[in-house]
Amino acid sequence: MPAGELRHLPQSSPPNAAEFDEEEAWVWSQIKAEARRDAEAEPALASYLYSTILSHSSLERSLSFHLGNKLCSSTLLSTLLYDLFLNAFSSDPSLCSAAVADLRAARVRDPACVSFSHCLLNYKGFLACQAHRVAHKLWTQQRRPLALALHSRISDVFAVDIHPAAKIGKGILFDHATGVVVGETAVIGNNCSILHHVTLGGTGKVGGDRHPKIGDGVLIGAGATILGDVKIGEGAKIGSGSVVLIDVPPKTTAVGNPARLVGGKEKPAQHE
Amino acid sequence: MPAGELRHLPQSSPPNAAEFDEEEAWVWSQIKAEARRDAEAEPALASYLYSTILSHSSLERSLSFHLGNKLCSSTLLSTLLYDLFLNAFSSDPSLCSAAVADLRAARVRDPACVSFSHCLLNYKGFLACQAHRVAHKLWTQQRRPLALALHSRISDVFAVDIHPAAKIGKGILFDHATGVVVGETAVIGNNCSILHHVTLGGTGKVGGDRHPKIGDGVLIGAGATILGDVKIGEGAKIGSGSVVLIDVPPKTTAVGNPARLVGGKEKPAQHE
Amino acid sequence: MPAGELRHLPQSSPPNAAEFDEEEAWVWSQIKAEARRDAEAEPALASYLYSTILSHSSLERSLSFHLGNKLCSSTLLSTLLYDLFLNAFSSDPSLCSAAVADLRAARVRDPACVSFSHCLLNYKGFLACQAHRVAHKLWTQQRRPLALALHSRISDVFAVDIHPAAKIGKGILFDHATGVVVGETAVIGNNCSILHHVTLGGTGKVGGDRHPKIGDGVLIGAGATILGDVKIGEGAKIGSGSVVLIDVPPKTTAVGNPARLVGGKEKPAQHE
């Protein structure tokens, strides 16, 4: 099935809370080693790598600095955003755990991802997703105007438009990411891979629950449009350019406009 | 019909010129009240809300300041853009009247729009449309290089690419808006709702009239592509992901690639 | 065939190396004359046109300055980028030759392109393509972290995501350009026209050669998705919104989702 340049492999079970500190420490040590190597090989990048990675004492600080710089404007200052992100990451370890799972997802599933630091610095889908998780936290804390201001900056800067109320799991790869739109009542499970120009949208319902619910391990190809309060089952695959208006059972593939089901557990489709 | 998260309802007739000053004053008073409430509830946003809304004496000034800040660059200064927008809004009241109608459209039709100030500050489709109307005015005044420079900044900053010659009515909702492309000879009527990734494009004709003409009250779903000098009749609906190469009669729905007509006045389609 | 607003005409053979200096000098003299005319007619643009065009002694310097300003950030300084671009253009004349061929392509094929300077200053597809060629050069010189940092800035600023390893010919028109994604092992021939939202993507293969190979003179309509290591033959046309998973022979048209062939040398399709 066509779905953009992804290896979408089943993952081993995620680390439990006890294992996570070690996991994060290991990924962060890798990122620093990569940045040191790149700064030596490419002096033109040394100052950039120092300010974004090497000068920081943790992944949380590096990510907060980088997001603050990317998302700031003349009226929404980088210092305010840095504090906002760092406070969120410090007070909720699950945010950092999700970032580490997303870094791993990019390294494992995207053959074009050459290092953790490449993803951390350069993947707009990764950065938009981390900023979204902070916006979502603000939303659940009833700090909605701030959540929406952040949402707007993410959409301006990365062309990734995820409503702050949308719920997104861990181990997510938003590959390329330009043009992704995720509506207010959408839910995305764990270990999903979602290509660029994907819409999880509504159908004109006046309000309430009106956006797709995406199960764990789903792969959604470039330009697919999924509309309405439909369920996309665990491990399903949605072909590029599909327009999906129906539930898709687990481990089933849907393709076309409008999308039809072409394979399932009993009668698996040939996936390239 | 799938079309993104819109309530596309018939609207009451728009205010006449005599009623408009009152209408604008009421919307502006709402925006200031919303900003005051949000600044109190969220001190992190107070400075931002003061500079974008609370420090200004009118909607025109607030919008000019906000657009100037969003669209400026190191070589196209925010002060120049502020003056440009303010002069345009001051000299042509229909620009402000259209902005007010667009604010109302977002509040009425988009269930995710929680306040007028949310739309004014955060909706890239709203901001791109207001900046486009100023670019269009410059275009009709034969100030084409400036109109095209503005067009380019709108496309860079908002990923919304509307040729400055294109004619756009009032009460327009560009929802999400990323990736919208509207060609030089396109015309969009009043009270239309247009989702993200919509193209109103050409078909390779050498020049002249070569883009779609969209009637009043049309709804165009996410990712729809309408090409050539075709007419989309009043109240028609174009499904998400459709590729439309033919005229669509009033109050008729078109879906698919290539699009076919699936409902009309006599034989209405089931709209979800 | 619908393909966005392009006149896609066969071009005369490109200049040989001996003729090129003259060609570039002529185009640059046109650009300066256009900028002088526009600065006189529009004082609001005079300072902008002086800093981007009139103050520079060559197309290379003007382009390096403009790209440096567009792509810089608070951590990736415009001076660093200016030096990087100017060094690349100075050391490899084929980069400037390709830029001139692209400027000509926009003027000849896009009816909305009113001047060379309009394309140079305002076309995000043109600017993204020139910056990509420099990123590609860095990639081939094993300066991959810098190539990827540049790639990321191009994707953030222009919403055009071309992997630095992708090979792109001359005389290319990326029209509108928002949302274009071109994968790592993709190849694009000479004199192609590619509309916005076009994806040249992979199909999930683990690695290696996994993206499309586009022949000379191909036209790819808005929103078309071409996936996998397929060959699109010389002079082929791909309809807007198509999803192409198969080889397309030369001078043949493919349309639909999934795409089917609708015309060829012997049985030409009616192209509008």
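Residues checked against (1) more than 7 Å from every other protein chain (Cβ to nearest Cβ); (2) over 19 Å from B:HIS176 (Cα atoms); (3) under 13 Å from the mean Cα position of the chain (by Cα):
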{"residue": "A:VAL180", "(1), (2), (3)": "yes, no, yes"}
{"residue": "A:GLU184", "(1), (2), (3)": "no, no, no"}
{"residue": "A:THR225", "(1), (2), (3)": "no, no, no"}
{"residue": "A:LYS231", "(1), (2), (3)": "yes, yes, no"}
{"residue": "A:GLY235", "(1), (2), (3)": "yes, yes, no"}
{"residue": "A:LEU245", "(1), (2), (3)": "no, yes, no"}
{"residue": "A:PRO249", "(1), (2), (3)": "yes, yes, no"}
{"residue": "A:THR252", "(1), (2), (3)": "yes, yes, no"}
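Among (1) within 30 Å of B:THR52 (Cβ to Cβ); (2) within 12 Å of chain C (Cβ to nearest Cβ); (3) assigned to a helix (DSSP H, G or I), where does A:SER64 come up short?
The single condition A:SER64 does not satisfy is (2).
State whether one or more residues within region A:114-124 are in contact (Cβ under 8 Å) with a residue 40 or more places away in the chain, buried (at least 20 other Cβ atoms within 10 Å of the Cβ) and either among the β-branched types (Val, Ile, Thr) or not in a helix (DSSP H, G or I) (or both).
The answer is yes; a qualifying residue exists.
In this structure, is C:GLY215 under 27 Å from C:PHE20 (Cα atoms), touching a strand residue (DSSP E or B) at 6+ places or on another chain (Cβ under 8 Å) and not β-branched (Val, Ile, Thr)?
Against the criterion (under 27 Å from C:PHE20 (Cα atoms), touching a strand residue (DSSP E or B) at 6+ places or on another chain (Cβ under 8 Å) and not β-branched (Val, Ile, Thr)), C:GLY215 qualifies.
Given the criterion out of contact with any His (no Cβ under 7 Å at 6 or more places or on another chain) and touching a residue at least 12 places away in the same chain (Cβ under 8 Å), identify the matching residue among B:ILE246, B:ILE162, B:ILE168.
None of the other options fit; the residue is B:ILE246.
Mind listing whichever residues of region B:240-255 are closer than 22 Å to B:ARG210 by Cα and of a type outside the set (A, V, I, L, M)?
B:GLY241, B:SER242, B:ASP247, B:PRO249, B:PRO250
Do you know which residues across region C:28-48 are touching a residue at least 24 places away in the same chain (Cβ under 8 Å) and either crowded, with 20+ Cβ neighbours inside 10 Å or not assigned by TED's automatic domain parsing to the domain that holds C:PRO93 (or both)?
Those that are touching a residue at least 24 places away in the same chain (Cβ under 8 Å) and either crowded, with 20+ Cβ neighbours inside 10 Å or not assigned by TED's automatic domain parsing to the domain that holds C:PRO93 (or both): C:TRP28, C:ILE31, C:GLU34, C:ALA35, C:ASP38.
Only residues that are within 15 Å of A:SER29 (Cα to Cα) and either among the β-branched types (Val, Ile, Thr) or within 12 Å of the chain's Cα centre (by Cα) (or both): list them for region A:102-118, please.
Listed by number, the residues that qualify are A:LEU103, A:ARG104.
Need at least 3 residues that are at pLDDT 95 or above and within 30 Å of C:ARG109 (Cα to Cα) per element, so show me which strands (runs of 3 or more DSSP E) inside region B:162-272 make the cut, counting only ones lying wholly within it.
So the answer is B:199-201, B:225-227.
How many of the residues in region C:213-236 are buried (at least 24 other Cβ atoms within 10 Å of the Cβ) and over 16 Å from C:ASN190 (Cβ atoms)?
Selection size over region C:213-236: 7.
I want to confirm something. Restricting to region C:110-138 and keeping residues that are aliphatic (A, V, I, L, M) and within 14 Å of chain B (Cβ to nearest Cβ), which single residue is nearest to B:GLY183 (Cα to Cα)?
Restricting to residues being aliphatic (A, V, I, L, M) and within 14 Å of chain B (Cβ to nearest Cβ), the top hit is C:ALA112.
Pick from region C:74-113 the residues that are in contact with a helix residue (DSSP H, G or I) (Cβ under 7 Å, 6 or more places away or on another chain) and outside any helix (DSSP H, G or I): which of them is nearest to C:LYS167 (Cα to Cα)?
That would be C:ASP92.
Has region C:126-148 got at least one residue that is hydroxyl-bearing (Ser, Thr, Tyr), closer than 28 Å to C:SER74 by Cβ and at pLDDT 95 or above?
Looking through region C:126-148, none of the residues is hydroxyl-bearing (Ser, Thr, Tyr), closer than 28 Å to C:SER74 by Cβ and at pLDDT 95 or above.
Tell me, which residue of region A:190-212 that is at the interface with chain B (Cβ under 9 Å from one of its Cβ atoms) and within 19 Å of C:THR225 (Cβ to Cβ) is surrounded by the fewest Cβ atoms within 10 Å (Cβ to Cβ)?
Within region A:190-212, the match that is surrounded by the fewest Cβ atoms within 10 Å (Cβ to Cβ) is A:GLY201.
Give the residues of region A:237-252 that are surrounded by fewer than 24 Cβ atoms within 10 Å (Cβ to Cβ) and either under 22 Å from C:LEU227 (Cα atoms) or not hydrophobic (A, V, I, L, M, F, W, C) (or both), sorted by residue number.
If the condition is that a residue be surrounded by fewer than 24 Cβ atoms within 10 Å (Cβ to Cβ) and either under 22 Å from C:LEU227 (Cα atoms) or not hydrophobic (A, V, I, L, M, F, W, C) (or both), then A:ASP247, A:PRO249, A:PRO250, A:LYS251, A:THR252 are the ones that fit.
So, in region C:85-109, of the ones that are in contact with a Ser or Thr (Cβ under 8 Å, 6 or more places away or on another chain) and among the hydrophobic types (A, V, I, L, M, F, W, C), which residue ends up farthest from the other protein chains (Cβ to nearest Cβ)?
The qualifying residue farthest from the other protein chains (Cβ to nearest Cβ) is C:PHE89.
Here are the criteria: (1) surrounded by fewer than 19 Cβ atoms within 10 Å (Cβ to Cβ); (2) within 14 Å of chain B (Cβ to nearest Cβ); (3) under 24 Å from A:SER47 (Cα atoms). Tell me which single one C:GLN141 does not satisfy.
Against the list (1) surrounded by fewer than 19 Cβ atoms within 10 Å (Cβ to Cβ); (2) within 14 Å of chain B (Cβ to nearest Cβ); (3) under 24 Å from A:SER47 (Cα atoms), C:GLN141 comes up short only on (2).
The values are calculated or read from the model by the stated rules, or taken from the named source; none is laboratory data. Predicted model, so just to flag it, every value in this text is computed and none were measured. Because the Cβ atoms are built from the backbone with ideal geometry, glycine has one as well, and the counts that use them run over all protein chains shown.
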